[in-house]
Each structure stands twice: as C-alpha cells, then as structure tokens.
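A.B. asks: Have a look at this one.
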Amino acid sequence: MDRQSKIKAAYEAVKGGMPIRAASRQFAVPRSTLQDRLAKRIPLEQRPKTALTPEEETQFSQWAINMARAGFGRTRKDFLTNIQGYLNQLHEPQLRFKNSNKPGKSW
C-alpha cells in the first residue's frame, strides 16, 4: 500500500469512528499528517502542480524519443534547455519556472 493510500485509509477509519492515534498506528501514518487532513489544513489528496500540459509533455517526450532513434541522444541539459526555449517562445506573462523558465535539477 503506498503512502497516499495509507493516509486515505486512515482518514476513512477516523471518519468511521476510530480514534486518531489508533488509526495512525494501524496504518503507519504520522498522527500530525492525519490531523492536518482531518482539519482540512492540507487536502486529502495532494497532487503536485504540473508545469507542462499533458500535450506539451507528450510533445517533449516524443522529441527525445525521435532524437534518440535518429542517433542524437540528448543530455538532461539539452532537454531542459529545449523546454526553456519553448516556454520563452510562448510569450506568456508569467514564468512557469523560477530560473528564466528553465526547469531546475529537481524537476
């Protein structure tokens, strides 16, 4: 069972009447995490905000695949620079990434 499933199961158990501490132990979820979800300080299902649309992600993955098939494997730096160039051409009023629209190392 993944972490998100454990949190959801513990949440449902508490909503069903189980004490928070017991649900925390049974599902191996930190009690504070469970309390935050119950108090609605943090949404039950967290999803990271994506910087690219699914269509853009498909476009970039296809670009990388096509370059590799043609014998021009791209480095991580090439890939991130390509994304930066694409985003800068869109002329959007706000940046999607902090560093001049270039994804960072953790992206």
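The values are calculated or read from the model by the stated rules, or taken from the named source; none is laboratory data. Worth saying up front: this structure is predicted, and the values here are computed from it rather than measured. Positions of Cβ are generated from backbone atoms using ideal geometry, with glycine treated the same way; all protein chains shown enter the neighbour counts.
A.B. asks: Pairs, please: C-beta under 8 Å, at least 6 apart or cross-chain, first residue modelled with pLDDT under 90 and in region 68-88, second of a type in the set (Asp, Glu)?
C.D. replies: Pairs found: Tyr86/Glu56.
A.B. asks: How about region 95-107: which of its residues are out of contact with any helix residue (DSSP H, G or I) (no Cβ under 7 Å at 6 or more places or on another chain) and either at pLDDT 90 or above or of a type outside the set (Ser, Thr, Tyr) (or both)?
C.D. replies: Hits for region 95-107 are Leu95, Phe97, Lys98, Asn99, Gly104, Lys105, Trp107.
A.B. asks: Of the residues that make up region 59-66, is at least one modelled with pLDDT under 90 and either in contact with a Phe, Trp or Tyr (Cβ under 7 Å, 6 or more places away or on another chain) or among the charged types (D, E, K, R) (or both)? If you could, list the steps in order and put the result at the bottom.
C.D. replies: Our first condition is that a residue be modelled with pLDDT under 90; within region 59-66, this holds for none.
Checked against the condition, which is being modelled with pLDDT under 90 and either in contact with a Phe, Trp or Tyr (Cβ under 7 Å, 6 or more places away or on another chain) or among the charged types (D, E, K, R) (or both), region 59-66 yields no hits at all.
A.B. asks: Within the group Lys49, Lys102, Lys77, which residue is touching a Ser or Thr at 6+ places or on another chain (Cβ under 9 Å) and either surrounded by 11 or more Cβ atoms within 10 Å (Cβ to Cβ) or of a type outside the set (S, T, N, Q) (or both)?
C.D. replies: Working: Lys49 fails: touching a Ser or Thr at 6+ places or on another chain (Cβ under 9 Å); Lys77 fails: touching a Ser or Thr at 6+ places or on another chain (Cβ under 9 Å).
Exactly one residue qualifies, and that residue is Lys102.
A.B. asks: A follow-up question, please. Which is surrounded by 13 or more Cβ atoms within 10 Å (Cβ to Cβ), among the charged types (D, E, K, R) and either modelled with pLDDT of 90 or more or assigned to a loop (DSSP other than H, G, I, E, B) (or both), of Glu12, Glu92? It would help to see each step written out before you state the result.
C.D. replies: Numbers: Glu92 fails: surrounded by 13 or more Cβ atoms within 10 Å (Cβ to Cβ).
It is Glu12.
A.B. asks: Quick one: would you say Lys40 is on the phi > 0 side of the Ramachandran plot and basic (Lys, Arg)?
C.D. replies: Values: on the phi > 0 side of the Ramachandran plot: yes; basic (Lys, Arg): yes.
So Lys40 passes the test.
A.B. asks: May I pose another question? Go through region 24-66 and give me each residue that's in a helix (DSSP H, G or I), of a type outside the set (Gly, Ala, Ser) and farther than 18 Å from Lys6 by Cβ. Step through it out loud before you land on a result.
C.D. replies: First, pick out the residues of region 24-66 that are in a helix (DSSP H, G or I): 24-27, 31-38, 54-66.
Narrowing the set further to residues that are of a type outside the set (Gly, Ala, Ser) leaves 25-27, 31, 33-38, 54-60, 62-63, 65-66.
Within region 24-66, Pro54, Glu55, Glu56, Glu57, Thr58, Gln59, Phe60, Gln62, Trp63, Ile65, Asn66 qualify.
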